[in-house]
Amino acid sequence: MCGIVGYIGNKKASPILINGLTRLEYRGYDSAGIATIEKNGIVVLKNKGRVSELEKILDGESINGTIGIAHTRWATHGKPSTENSHPHIDNKKNFAVVHNGIIENYHELKDFLLKNGYTFYSQTDTEIIPNLIDYYYSKDVLNDDKKVLRAIASACAELKGSFALEILSTYLPDKMIVVRKDSPLVIGRTNSENYISSDIPAILSYTKDFYLLNDYEYGILSKGSAEFFDQNLKPIKKDFVNIDWNASAAEKEGFDDFMLKEIYEQPKSIRETIGSRLSSDGSCNIEDLNLNKEYLQSLNKIYIVACGTAMHAGLAGKTMIEKICNIPTEVDIASEFRYRDPIIDEKTLVIFISQSGETADTIAALKLSKSKGAKTLAISNVIGSSITREADYTVYTHAGPEIAVASTKAYTSQVILMAILAIYFANTLQINSDLVKNLTKDILNLPLQIEDALKNVDAIRNFAKRVYNEKDIFFLGRGIDYNVALEGSLKLKEISYIHSEAYAAGELKHGPIALIENDVTVIAIMTDPILLEKTISNVQEVITRGAKTLVITNQNLGDHDFDNMITLPNTNSLISPVLSVIPLQLFAYYISKQKGLDVDKPRNLAKSVTVE
Ligand code: AGP
């Protein structure tokens, strides 16, 4: 999705803006642009294509301003083109705007502005914003120092949809104004500068102190200061938070790709997720979470709501909560949940899982749940992200910044956090203490077991070399292994563009087996001892029809005629996804590499899906 960067300080802005845009490239984009305030007014440079091409254009220009805004665009309204890329400027060239989000009522506002004599050069929803600001600015008869802010606030009050905005104005040539609603924007500060970005990793090398804006809060940023105002333009005091992510964690550190680095970081990220939350005696303490026994006993249902990979972690969470805590738990896709009028009330706990904490559908589902009286709990990786500010409770995964679009370490941290949460609930309910003790021991062993699981890399790479040209690849599993099959299949689609489906193995005979023909590749996951025999039979059925198979297991399968087998360390089947997903992550990675694709920035995909 679109990425925003901004700088205001004593240094030349353009290199800092380009650096920030490069770091936001992983979010996915089709064009890029910057605007700076120069002696003669606002200068805008933009083009369709990569940030590196924008950089070349910049080399030929004398752009020396120390205040600037920048943007990578992921087209929603209007095709990828230079005219449609941001920044956008008003007819009189007094306001330049970059925008992340979607303005839903832009047709209406455009008609209004056309009737008032404004003209438009792009097909974007964004171009109405600088013109609407100009409209309110020219209507305002007062000439005080808040005139620009008032015009921006009047324009924002008209906008329906989502927006994170950076605004430059010739009327305030030494300031920048920022505002957000349902789209991400953070402000990093030092004593003499402010850095603005859509996410923390892009500016982490400059500062670790961040201001976080709530919806409709305005920031007026200058070189060494930042003033904040609420929706009614009353001044508000805002403290900055210190984010203790290591800047080098957002670098590749010798790995070819962020995805590979993040796969190999999993022993560490799981250690961080566990932190001091679990003790070997089975006791569990989750900071800032104080749900009591009466409340948990009163629950009629838990919902887990998320998108994509985070939803797959939720599926593992459902099994854990139901098995360990006996609380009925449903998992839903956020984009479905928000529109299906779910039956929830004050006796429902709704858990939202989101790596970025900025996924538009998940945030909307959270707001809906709150409006129906449910308690909400966010599981996120990004401190201060939107979802964490909306939810009643937040628990962080602490997996460190995840840059690759394909989520790996965030998934395993989410799964383990769900296990820790289930243990916390069981302890609070005073049930299943033996199960909890054993599971806790297994969780604490996981980091070392992940290191062992990663040792299968050569076997996986060789298998990937054999099958990277396939048209279709199928994944099978039962129970919790089916959840992992879904995740393995999603990972493969995302970065290899190979058509792939995951099936509950027992469903094969009800249709999908018709797709199995000679030499088709089937990957089966089998870690649950109770379901082992059943899944083996299903795999035999596909072998009989000519499929070549890769089996991933942590059980002793004795004699078999599978083509390939990866044996993983054994663990409690409830947390086995954390180990069994590792060969699947490596498989997707090496297929993508073999095909010569851009692993970290797959086509059409964005890291944070901040619009519906
Ligand atoms: C994961 O590989 C995907 N890129 C995607 O499915 C992702 O998990 C989903 O968009 C949810 O993102 P979130 O966790 O940031 O909410």
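Mind checking which residues of segment 252-283 are over 25 Å from Leu417 (Cα atoms) and either hydroxyl-bearing (Ser, Thr, Tyr) or surrounded by 13 or more Cβ atoms within 10 Å (Cβ to Cβ) (or both)?
Answer for segment 252-283, where residues must be over 25 Å from Leu417 (Cα atoms) and either hydroxyl-bearing (Ser, Thr, Tyr) or surrounded by 13 or more Cβ atoms within 10 Å (Cβ to Cβ) (or both): Lys252, Phe255, Asp257.
So the check is Cβ under 6 Å with 6+ separation or different chains; which pairs have a first residue in segment 407-435 that's in the same structural domain as Lys261 (by TED's automatic domain parsing) and a second one that's of a type in the set (Asp, Glu) and more than 15 Å from the ligand (Cβ to nearest atom)?
Pairs found: Lys409/Glu265.
Touching a residue at least 40 places away in the same chain (Cβ under 8 Å), among the β-branched types (Val, Ile, Thr), within 20 Å of Ala313 (Cα to Cα) and part of a helix (DSSP H, G or I): which single residue out of Ile525, Ile591, Ile495 fits that description?
Answer to the selection: Ile495.
Consider only pairs whose beta carbons are under 7 Å apart and that are at least six residues apart or on different chains; among these, list those whose first residue lies in segment 1-30 and is closer than 14 Å to Ile63 by Cβ and whose second residue is among the small types (Gly, Ala, Ser) and in a helix (DSSP H, G or I).
Qualifying pairs under 7 Å: Tyr7/Ala13.
Of the residues Ser407, Ser433, which is among the small types (Gly, Ala, Ser) and within 16 Å of the ligand (Cβ to nearest atom)?
Ser407
For segment 53-78, how many residues meet the condition of being of a type in the set (S, T, N, Q), touching a residue at least 24 places away in the same chain (Cβ under 8 Å) and surrounded by fewer than 17 Cβ atoms within 10 Å (Cβ to Cβ)?
Count: 2.
Output the residue which, of all residues in segment 331-379 that are in contact with a strand residue (DSSP E or B) (Cβ under 6 Å, 6 or more places away or on another chain) and of a type in the set (Val, Ile, Thr), is most open to solvent (accessible area, probe 1.4 Å).
Out of the qualifying residues, it is Val331.
Kindly establish whether Thr535 is more than 30 Å from Glu358 (Cβ to Cβ), of a type outside the set (Gly, Ala, Ser) and not in a helix (DSSP H, G or I).
no
Given the conditions (1) under 30 Å from Phe258 (Cβ atoms); (2) out of contact with any Gly (no Cβ under 7 Å at 6 or more places or on another chain); (3) crowded, with 17+ Cβ neighbours inside 10 Å; (4) assigned by TED's automatic domain parsing to the domain that holds Ala464, which single one is not true for Met565?
(3)
Here's the yes/no breakdown for (1) away from the ligand (no atom under 16 Å from the Cβ); (2) among the charged types (D, E, K, R):
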| residue | (1), (2) |
| --- | --- |
| Leu515 | yes, no |
| Ala524 | yes, no |
| Leu532 | yes, no |
| Asn556 | yes, no |
| Asp563 | yes, yes |
| Leu597 | no, no |
| Lys601 | no, yes |
| Lys607 | no, yes |
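Is it the case that segment 186-199 has a residue that's in contact (Cβ under 8 Å) with a residue 24 or more places away in the chain, on the phi > 0 side of the Ramachandran plot and open to solvent by 10 Å² or more (accessible area, probe 1.4 Å)?
No: zero hits.
What about Asp392, is it more than 30 Å from Glu25 (Cα to Cα) and free of Cβ contacts under 8 Å to residues at least 60 places away in the same chain?
Yes; evaluated as a whole, the condition is true for this residue.
Out of segment 232-277, which residues are acidic (Asp, Glu) and in a loop (DSSP other than H, G, I, E, B)? Walk me through it before giving the result.
From segment 232-277, those acidic (Asp, Glu) are 239, 244, 251, 253, 256-257, 262, 265, 272; that's our starting set.
Residues satisfying the conditions are Asp239, Asp244, Glu251, Glu253, Asp256, Asp257, Glu265.
Within segment 79-118, work out how many residues are over 23 Å from the mean Cα position of the chain (by Cα), under 21 Å from Tyr171 (Cβ atoms) and touching a residue at least 24 places away in the same chain (Cβ under 8 Å).
So the answer is 12.
Can you find even one residue in segment 124-141 that is free of Cβ contacts under 8 Å to residues at least 40 places away in the same chain and in contact with a strand residue (DSSP E or B) (Cβ under 8 Å, 6 or more places away or on another chain)? Before you say what the answer is, go through the steps one by one.
Filtering segment 124-141 down to residues free of Cβ contacts under 8 Å to residues at least 40 places away in the same chain leaves 127-128, 132, 135-136, 138-141.
Filter once more, keeping what is in contact with a strand residue (DSSP E or B) (Cβ under 8 Å, 6 or more places away or on another chain): 127-128.
Yes, segment 124-141 contains at least one residue that is free of Cβ contacts under 8 Å to residues at least 40 places away in the same chain and in contact with a strand residue (DSSP E or B) (Cβ under 8 Å, 6 or more places away or on another chain).
Restricted to segment 456-487, and to residues that are part of a helix (DSSP H, G or I) and farther than 13 Å from Tyr590 by Cα, which residue is nearest to the ligand (Cβ to nearest atom)?
Among residues in segment 456-487 that are part of a helix (DSSP H, G or I) and farther than 13 Å from Tyr590 by Cα, the one nearest to the ligand (Cβ to nearest atom) is Glu487.
Going residue by residue through segment 384-397, is there one that turns out to be near the ligand (Cβ under 10 Å from one of its atoms) and either open to solvent by 10 Å² or more (accessible area, probe 1.4 Å) or part of a strand (DSSP E or B) (or both)?
No, segment 384-397 contains no residue that is near the ligand (Cβ under 10 Å from one of its atoms) and either open to solvent by 10 Å² or more (accessible area, probe 1.4 Å) or part of a strand (DSSP E or B) (or both).
How many of the residues making up segment 310-363 are without any contact (Cβ under 8 Å) to a residue 12 or more places away in the chain and part of a helix (DSSP H, G or I)?
Qualifying residue count for the region: 2.
Restricting attention to segment 317-338, which residues are within 14 Å of the ligand (Cβ to nearest atom) and aliphatic (A, V, I, L, M)?
Hits for segment 317-338 are Val331, Ile333, Ala334.
The values are calculated or read from the model by the stated rules, or taken from the named source; none is laboratory data. These numbers come from a predicted model, not from an experiment. Every residue, glycine among them, receives a Cβ derived from its backbone with ideal geometry; neighbour counts consider all protein chains shown. To get the accessible areas, we keep the full protein, side chains included, count just its heavy atoms, and leave off ligands, DNA and RNA. Shrake-Rupley method; radii C 1.70, N 1.55, O 1.52, S 1.80 Å.
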